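Have a look at the structure below, then the notes.
The values are calculated or read from the model by the stated rules, or taken from the named source; none is laboratory data. Please read all numbers here as calculations on a predicted model, not as lab measurements. Cβ atoms come from the backbone with ideal geometry, glycine included; neighbour counts cover every protein chain shown. Side chains included, ligands, DNA and RNA excluded: accessible areas come from the protein's heavy atoms. Shrake-Rupley method; radii C 1.70, N 1.55, O 1.52, S 1.80 Å.
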Amino acid sequence: MDEKRSQTSGLEATVRSPRLIQIDRAEPAAVRAALLDGLEAHPARVSPKYLYDALGSRLFAAICELPEYYPTRTEAAIFARHVEEIAARLPAARTLVDLGAGNCEKAARLFEPFGVRRYVAVDISVDYLRHSLDLLQRRHPAIETIGVGMDFSTHLSLPDEAGEGPRLVFYPGSSIGNFSPEEAERFLRVVHGVCKGGGLLIGVDLVKPAEVLESAYDDPLGVTAAFNRNLLLHLDRLAGTDFALADWRHVAFYDSERLRIEMHLEAVRAVVVRWPEGERRFARGERIHTENSWKWRAEDFAALLGRAGFSAIRRWSDERGWFAVFLAQA
Ligand SMILES: C[S@@+](CC[C@H](N)C(=O)[O-])C[C@H]1O[C@@H](n2cnc3c(N)ncnc32)[C@H](O)[C@@H]1O
(Lines give C-alpha, C1' and ligand atoms only; values in the text may rest on other atoms or scores of the structure.)
Protein backbone atom coordinates (compact mmCIF):
# COMPACT_ATOMS: atom_id res chain seq x y z
CA MET A 1 0.00 0.00 0.00
CA ASP A 2 1.33 3.50 -0.90
CA GLU A 3 2.12 5.80 1.93
CA LYS A 4 2.21 9.56 2.00
CA ARG A 5 3.05 12.06 4.69
CA SER A 6 0.47 14.56 5.75
CA GLN A 7 0.33 17.46 8.18
CA THR A 8 -2.51 17.10 10.67
CA SER A 9 -3.03 19.67 13.43
CA GLY A 10 0.64 20.57 13.23
CA LEU A 11 1.70 16.94 13.85
CA GLU A 12 3.22 14.95 11.03
CA ALA A 13 1.33 11.69 10.60
CA THR A 14 1.70 8.78 8.21
CA VAL A 15 -1.50 8.14 6.29
CA ARG A 16 -1.95 5.20 3.96
CA SER A 17 -3.39 6.09 0.57
CA PRO A 18 -6.25 3.77 -0.29
CA ARG A 19 -5.71 1.70 -3.41
CA LEU A 20 -8.14 2.45 -6.17
CA ILE A 21 -8.54 -0.13 -8.89
CA GLN A 22 -10.49 0.75 -11.98
CA ILE A 23 -11.74 -2.33 -13.76
CA ASP A 24 -13.60 -2.84 -17.00
CA ARG A 25 -13.63 0.81 -17.93
CA ALA A 26 -16.15 0.87 -20.79
CA GLU A 27 -14.97 2.15 -24.17
CA PRO A 28 -16.20 5.77 -24.59
CA ALA A 29 -17.53 4.91 -28.09
CA ALA A 30 -19.62 2.04 -26.68
CA VAL A 31 -20.97 4.23 -23.85
CA ARG A 32 -21.85 6.93 -26.38
CA ALA A 33 -23.59 4.46 -28.70
CA ALA A 34 -25.65 2.99 -25.84
CA LEU A 35 -26.66 6.44 -24.58
CA LEU A 36 -27.69 7.62 -28.05
CA ASP A 37 -29.70 4.40 -28.58
CA GLY A 38 -31.63 5.21 -25.42
CA LEU A 39 -32.16 8.83 -26.47
CA GLU A 40 -33.52 7.76 -29.85
CA ALA A 41 -35.89 5.20 -28.34
CA HIS A 42 -39.62 5.92 -27.89
CA PRO A 43 -39.99 6.71 -25.05
CA ALA A 44 -36.43 7.94 -24.55
CA ARG A 45 -34.52 6.44 -21.61
CA VAL A 46 -31.16 6.72 -19.84
CA SER A 47 -29.86 4.30 -17.22
CA PRO A 48 -29.90 5.76 -13.67
CA LYS A 49 -26.21 4.93 -13.31
CA TYR A 50 -25.52 8.11 -15.35
CA LEU A 51 -27.03 10.22 -12.56
CA TYR A 52 -23.72 9.74 -10.75
CA ASP A 53 -20.90 11.89 -12.03
CA ALA A 54 -18.85 13.78 -9.41
CA LEU A 55 -21.54 16.47 -9.03
CA GLY A 56 -24.38 13.92 -9.11
CA SER A 57 -22.77 12.03 -6.21
CA ARG A 58 -22.53 15.27 -4.22
CA LEU A 59 -26.14 16.13 -5.02
CA PHE A 60 -27.20 12.66 -3.86
CA ALA A 61 -25.36 13.25 -0.56
CA ALA A 62 -27.34 16.53 -0.25
CA ILE A 63 -30.63 14.69 -0.94
CA CYS A 64 -29.85 12.44 2.03
CA GLU A 65 -29.88 15.57 4.26
CA LEU A 66 -33.38 16.65 3.17
CA PRO A 67 -36.26 16.29 5.66
CA GLU A 68 -38.40 14.66 2.94
CA TYR A 69 -35.81 11.99 2.08
CA TYR A 70 -36.71 9.51 4.83
CA PRO A 71 -34.74 6.42 3.55
CA THR A 72 -31.27 7.48 4.77
CA ARG A 73 -32.46 8.54 8.23
CA THR A 74 -34.78 5.56 8.65
CA GLU A 75 -32.12 3.05 7.64
CA ALA A 76 -29.59 4.75 9.96
CA ALA A 77 -32.08 4.56 12.85
CA ILE A 78 -32.59 0.81 12.24
CA PHE A 79 -28.83 0.26 12.40
CA ALA A 80 -28.43 2.49 15.47
CA ARG A 81 -31.09 0.51 17.30
CA HIS A 82 -30.18 -3.02 16.23
CA VAL A 83 -26.48 -2.93 15.43
CA GLU A 84 -25.46 -5.22 18.30
CA GLU A 85 -28.09 -7.78 17.41
CA ILE A 86 -27.05 -7.66 13.75
CA ALA A 87 -23.35 -7.91 14.69
CA ALA A 88 -24.10 -11.00 16.81
CA ARG A 89 -25.65 -12.75 13.80
CA LEU A 90 -23.06 -11.85 11.18
CA PRO A 91 -21.43 -14.65 9.23
CA ALA A 92 -17.69 -14.96 9.83
CA ALA A 93 -16.32 -12.34 7.43
CA ARG A 94 -13.69 -9.68 7.96
CA THR A 95 -14.01 -8.01 4.58
CA LEU A 96 -16.87 -5.59 4.11
CA VAL A 97 -17.73 -5.02 0.43
CA ASP A 98 -19.83 -1.88 -0.03
CA LEU A 99 -21.77 -1.84 -3.32
CA GLY A 100 -22.43 1.72 -4.53
CA ALA A 101 -20.43 3.09 -1.60
CA GLY A 102 -21.03 6.82 -2.32
CA ASN A 103 -19.55 8.82 0.57
CA CYS A 104 -18.83 5.54 2.49
CA GLU A 105 -20.40 6.97 5.65
CA LYS A 106 -22.90 4.18 6.22
CA ALA A 107 -20.22 1.51 6.07
CA ALA A 108 -17.85 3.49 8.29
CA ARG A 109 -20.42 3.42 11.11
CA LEU A 110 -20.27 -0.39 11.01
CA PHE A 111 -16.46 -0.76 11.14
CA GLU A 112 -16.21 -0.84 14.91
CA PRO A 113 -19.32 -2.85 15.85
CA PHE A 114 -18.64 -5.39 13.08
CA GLY A 115 -14.84 -5.60 13.68
CA VAL A 116 -14.11 -4.84 10.02
CA ARG A 117 -10.43 -5.27 9.00
CA ARG A 118 -10.68 -4.78 5.24
CA TYR A 119 -13.09 -2.46 3.45
CA VAL A 120 -13.74 -2.74 -0.30
CA ALA A 121 -15.78 0.18 -1.67
CA VAL A 122 -17.26 -0.32 -5.15
CA ASP A 123 -18.71 2.57 -7.15
CA ILE A 124 -19.13 3.77 -10.71
CA SER A 125 -18.49 7.40 -9.67
CA VAL A 126 -14.72 7.03 -9.45
CA ASP A 127 -13.58 10.61 -8.70
CA TYR A 128 -16.05 10.91 -5.85
CA LEU A 129 -15.05 7.46 -4.57
CA ARG A 130 -11.38 8.50 -4.52
CA HIS A 131 -12.24 11.63 -2.55
CA SER A 132 -14.47 9.70 -0.10
CA LEU A 133 -11.80 7.04 0.50
CA ASP A 134 -9.06 9.61 1.12
CA LEU A 135 -11.17 11.15 3.87
CA LEU A 136 -12.17 7.74 5.23
CA GLN A 137 -8.59 6.43 5.42
CA ARG A 138 -7.59 9.43 7.55
CA ARG A 139 -10.37 8.67 10.00
CA HIS A 140 -9.72 4.91 10.01
CA PRO A 141 -5.98 4.44 9.39
CA ALA A 142 -5.95 0.85 10.69
CA ILE A 143 -8.43 -0.45 8.16
CA GLU A 144 -7.16 -1.73 4.84
CA THR A 145 -9.18 0.24 2.33
CA ILE A 146 -9.56 -0.63 -1.34
CA GLY A 147 -11.63 1.26 -3.90
CA VAL A 148 -12.97 -0.50 -6.96
CA GLY A 149 -14.24 1.66 -9.81
CA MET A 150 -16.73 -0.56 -11.58
CA ASP A 151 -20.12 -0.62 -13.25
CA PHE A 152 -21.67 -3.55 -11.40
CA SER A 153 -24.82 -3.49 -13.53
CA THR A 154 -22.86 -5.06 -16.38
CA HIS A 155 -20.32 -7.09 -14.46
CA LEU A 156 -19.57 -7.86 -10.81
CA SER A 157 -16.42 -9.69 -9.87
CA LEU A 158 -13.89 -8.37 -7.43
CA PRO A 159 -10.17 -8.02 -8.16
CA ASP A 160 -7.59 -10.18 -6.31
CA GLU A 161 -6.72 -7.14 -4.16
CA ALA A 162 -10.16 -7.50 -2.52
CA GLY A 163 -8.64 -10.49 -0.68
CA GLU A 164 -9.54 -14.08 0.04
CA GLY A 165 -12.02 -15.42 2.55
CA PRO A 166 -15.70 -14.92 3.19
CA ARG A 167 -17.13 -11.46 2.62
CA LEU A 168 -20.03 -9.47 3.94
CA VAL A 169 -21.60 -7.56 1.06
CA PHE A 170 -23.27 -4.34 2.20
CA TYR A 171 -25.83 -2.89 -0.23
CA PRO A 172 -27.64 -0.07 1.60
CA GLY A 173 -29.91 2.79 0.60
CA SER A 174 -32.38 0.60 -1.30
CA SER A 175 -30.21 0.90 -4.40
CA ILE A 176 -31.57 -2.58 -5.22
CA GLY A 177 -34.80 -0.69 -6.07
CA ASN A 178 -33.20 0.59 -9.28
CA PHE A 179 -33.53 -2.96 -10.62
CA SER A 180 -36.88 -4.42 -11.67
CA PRO A 181 -37.88 -7.48 -9.57
CA GLU A 182 -36.59 -9.81 -12.33
CA GLU A 183 -33.30 -7.90 -12.69
CA ALA A 184 -32.95 -7.77 -8.89
CA GLU A 185 -33.19 -11.56 -8.68
CA ARG A 186 -30.51 -11.99 -11.37
CA PHE A 187 -28.28 -9.39 -9.68
CA LEU A 188 -28.68 -10.96 -6.22
CA ARG A 189 -27.66 -14.35 -7.62
CA VAL A 190 -24.42 -12.73 -8.80
CA VAL A 191 -23.99 -11.06 -5.38
CA HIS A 192 -24.52 -14.49 -3.79
CA GLY A 193 -21.52 -15.75 -5.76
CA VAL A 194 -19.40 -12.80 -4.57
CA CYS A 195 -20.21 -13.40 -0.87
CA LYS A 196 -20.45 -17.22 -0.85
CA GLY A 197 -19.49 -18.49 2.61
CA GLY A 198 -20.27 -15.03 4.04
CA GLY A 199 -23.42 -12.98 3.69
CA LEU A 200 -25.40 -9.98 2.53
CA LEU A 201 -26.63 -6.98 4.53
CA ILE A 202 -29.07 -4.99 2.42
CA GLY A 203 -31.37 -1.99 2.96
CA VAL A 204 -34.75 -2.06 1.22
CA ASP A 205 -37.38 0.66 0.90
CA LEU A 206 -40.89 -0.62 1.58
CA VAL A 207 -44.30 0.16 0.07
CA LYS A 208 -45.90 3.19 1.76
CA PRO A 209 -48.34 6.03 1.03
CA ALA A 210 -47.79 7.75 -2.34
CA GLU A 211 -47.55 11.24 -0.85
CA VAL A 212 -44.62 10.25 1.38
CA LEU A 213 -42.82 8.69 -1.58
CA GLU A 214 -43.53 11.51 -3.99
CA SER A 215 -42.27 14.26 -1.69
CA ALA A 216 -39.09 12.22 -1.05
CA TYR A 217 -38.40 12.20 -4.81
CA ASP A 218 -39.60 15.73 -5.56
CA ASP A 219 -38.53 17.91 -2.66
CA PRO A 220 -39.63 21.57 -2.42
CA LEU A 221 -36.03 22.82 -2.37
CA GLY A 222 -35.41 21.27 -5.77
CA VAL A 223 -32.31 19.24 -4.87
CA THR A 224 -33.70 16.05 -6.43
CA ALA A 225 -34.65 18.07 -9.50
CA ALA A 226 -31.04 19.31 -9.75
CA PHE A 227 -29.78 15.73 -9.31
CA ASN A 228 -32.01 14.53 -12.16
CA ARG A 229 -31.31 17.49 -14.48
CA ASN A 230 -27.54 17.20 -13.88
CA LEU A 231 -27.79 13.94 -15.83
CA LEU A 232 -28.18 16.06 -18.99
CA LEU A 233 -24.82 17.77 -18.35
CA HIS A 234 -23.28 14.33 -17.87
CA LEU A 235 -24.84 13.18 -21.16
CA ASP A 236 -23.47 16.23 -22.97
CA ARG A 237 -19.96 15.23 -21.87
CA LEU A 238 -20.36 11.51 -22.60
CA ALA A 239 -22.42 11.60 -25.79
CA GLY A 240 -21.67 15.04 -27.30
CA THR A 241 -25.31 16.16 -27.04
CA ASP A 242 -26.31 19.84 -26.63
CA PHE A 243 -29.07 19.71 -23.99
CA ALA A 244 -30.18 23.12 -22.66
CA LEU A 245 -31.13 22.76 -19.00
CA ALA A 246 -33.87 25.40 -19.29
CA ASP A 247 -35.76 23.10 -21.69
CA TRP A 248 -36.22 20.31 -19.15
CA ARG A 249 -38.05 19.86 -15.89
CA HIS A 250 -37.93 17.14 -13.25
CA VAL A 251 -40.97 14.85 -12.91
CA ALA A 252 -41.37 12.14 -10.25
CA PHE A 253 -44.47 10.08 -9.47
CA TYR A 254 -45.44 6.82 -7.77
CA ASP A 255 -46.95 4.05 -9.87
CA SER A 256 -49.00 2.18 -7.25
CA GLU A 257 -49.58 -0.83 -9.52
CA ARG A 258 -45.95 -1.43 -10.36
CA LEU A 259 -44.90 -0.30 -6.86
CA ARG A 260 -42.27 2.04 -8.18
CA ILE A 261 -41.28 5.69 -8.23
CA GLU A 262 -40.48 6.85 -11.72
CA MET A 263 -38.24 9.83 -12.43
CA HIS A 264 -38.33 11.57 -15.80
CA LEU A 265 -37.08 14.71 -17.49
CA GLU A 266 -39.88 16.44 -19.38
CA ALA A 267 -39.44 18.88 -22.27
CA VAL A 268 -41.11 22.18 -21.32
CA ARG A 269 -41.34 23.20 -25.03
CA ALA A 270 -40.65 21.55 -28.39
CA VAL A 271 -36.92 20.79 -28.34
CA VAL A 272 -34.31 19.52 -30.80
CA VAL A 273 -31.32 17.83 -29.16
CA ARG A 274 -28.33 17.56 -31.51
CA TRP A 275 -25.10 15.58 -31.48
CA PRO A 276 -22.38 15.39 -34.15
CA GLU A 277 -24.09 12.74 -36.32
CA GLY A 278 -27.74 13.10 -35.42
CA GLU A 279 -30.60 14.73 -33.58
CA ARG A 280 -33.79 13.88 -31.71
CA ARG A 281 -36.90 16.03 -31.70
CA PHE A 282 -38.94 16.08 -28.50
CA ALA A 283 -42.47 17.45 -28.45
CA ARG A 284 -43.53 19.64 -25.54
CA GLY A 285 -44.34 17.29 -22.62
CA GLU A 286 -42.31 14.38 -24.03
CA ARG A 287 -40.13 12.68 -21.44
CA ILE A 288 -36.82 10.93 -20.93
CA HIS A 289 -37.15 8.15 -18.35
CA THR A 290 -34.16 8.42 -15.99
CA GLU A 291 -34.85 6.21 -12.95
CA ASN A 292 -37.15 3.64 -11.43
CA SER A 293 -37.10 2.99 -7.71
CA TRP A 294 -39.08 -0.13 -6.85
CA LYS A 295 -40.64 -0.39 -3.39
CA TRP A 296 -41.00 -3.80 -1.80
CA ARG A 297 -43.29 -5.64 0.58
CA ALA A 298 -40.97 -7.11 3.21
CA GLU A 299 -42.20 -10.68 2.74
CA ASP A 300 -41.76 -10.45 -1.04
CA PHE A 301 -38.19 -9.27 -0.63
CA ALA A 302 -37.41 -12.11 1.79
CA ALA A 303 -38.77 -14.56 -0.80
CA LEU A 304 -36.60 -12.91 -3.48
CA LEU A 305 -33.50 -13.41 -1.31
CA GLY A 306 -34.42 -17.07 -0.94
CA ARG A 307 -34.83 -17.50 -4.71
CA ALA A 308 -31.43 -15.87 -5.24
CA GLY A 309 -29.86 -18.59 -3.05
CA PHE A 310 -29.62 -16.89 0.37
CA SER A 311 -30.60 -18.57 3.63
CA ALA A 312 -30.99 -17.73 7.34
CA ILE A 313 -32.78 -14.51 6.36
CA ARG A 314 -33.35 -12.02 9.18
CA ARG A 315 -35.10 -8.68 8.99
CA TRP A 316 -35.15 -5.48 11.07
CA SER A 317 -37.53 -2.59 10.43
CA ASP A 318 -38.58 0.79 11.85
CA GLU A 319 -41.75 1.39 13.83
CA ARG A 320 -43.65 2.75 10.80
CA GLY A 321 -42.59 -0.18 8.63
CA TRP A 322 -41.14 2.21 6.02
CA PHE A 323 -37.75 0.57 5.53
CA ALA A 324 -36.16 -2.80 6.24
CA VAL A 325 -32.64 -4.13 6.68
CA PHE A 326 -32.11 -7.78 5.76
CA LEU A 327 -29.20 -10.00 6.77
CA ALA A 328 -28.81 -13.28 4.90
CA GLN A 329 -26.21 -16.01 4.60
CA ALA A 330 -24.68 -17.05 1.32
C1 LIG B 1 -28.54 5.74 -4.14
S2 LIG B 1 -26.79 5.98 -4.08
C3 LIG B 1 -26.42 5.16 -2.54
C4 LIG B 1 -25.14 5.67 -1.91
C5 LIG B 1 -24.87 5.09 -0.52
N6 LIG B 1 -24.57 3.66 -0.58
C7 LIG B 1 -26.07 5.29 0.36
O8 LIG B 1 -26.77 4.31 0.66
O9 LIG B 1 -26.34 6.45 0.74
C10 LIG B 1 -26.25 4.80 -5.27
C11 LIG B 1 -24.73 4.64 -5.34
O12 LIG B 1 -24.43 3.57 -6.23
C13 LIG B 1 -23.53 4.00 -7.25
N14 LIG B 1 -23.93 3.30 -8.48
C15 LIG B 1 -25.08 3.47 -9.17
N16 LIG B 1 -25.11 2.63 -10.22
C17 LIG B 1 -23.96 1.91 -10.18
C18 LIG B 1 -23.41 0.88 -11.00
N19 LIG B 1 -24.08 0.42 -12.06
N20 LIG B 1 -22.20 0.38 -10.67
C21 LIG B 1 -21.51 0.85 -9.59
N22 LIG B 1 -21.99 1.82 -8.77
C23 LIG B 1 -23.20 2.35 -9.06
C24 LIG B 1 -23.70 5.50 -7.33
O25 LIG B 1 -22.55 6.14 -7.83
C26 LIG B 1 -24.01 5.87 -5.89
O27 LIG B 1 -22.85 6.12 -5.14
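Below are the figures for this structure:
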| read-out | value |
| --- | --- |
| Per-selection Rg to Rh, the chain - Cα, Kirkwood hydrodynamic radius | 0.97 |
| Calculated log₁₀ intensity ratio I(q)/I(0) where the Debye formula runs over C-alpha points of segment 182-317, q = 0.09, 0.12, 0.20 Å⁻¹ | -0.40, -0.66, -1.10 |
| DSSP bridge orientation in the chain - percent antiparallel, rounded to nearest 5 | 60 percent |
| Point-to-point label distance, ARG274-GLU214, nm (Cα→Cβ direction, 7 Å offset) | 3.8 nm |
| Rough spin-label spacing in nm, given labels placed 7 Å along Cα→Cβ, for ALA33 and LYS196 | 3.3 nm |
| Whole-number accessible area per residue in Å² for the chain, which is evaluated in the context of all protein chains at 1.4 Å | 46 Å² |
| Between 0 and 90°, nearest 10: helix 223-239 axis offset from the chain longest Cα axis | 80 degrees |
| Radius 11 Å from Cβ of VAL191, net charge of other residues (Lys, Arg +1; Asp, Glu -1) | +3 |
| Under the Karplus curve 6.51 cos²θ - 1.76 cosθ + 1.60, θ = phi - 60°, whole-Hz ³J(HN,Hα) for segment 205-216, x wherever Gly or Pro sits | 7, 9, 4, 7, x, 4, 5, 5, 5, 5, 6, 5 |
| Segment 124-204: trypsin sites (Lys or Arg not before Pro) in DSSP coil with no more than 14 other Cβ atoms inside 10 Å | LYS196 |
| Cut-off 19 Å (backbone N to label point 7 Å along Cα→Cβ of ALA41), residues of segment 134-172 | 151-155 |
| Full-extension gain in nm, GLU164 to GLU257, via 0.36 nm per residue minus C-alpha separation | 29.2 nm |
| Calculated FRET efficiency for the pair ARG281/ARG314, C-beta based, R₀ 41 Å, to 0.05 | 0.20 |
| Segment 262-330: GluC sites (Glu not before Pro) in DSSP coil with no more than 10 other Cβ atoms inside 10 Å | GLU277, GLU319 |
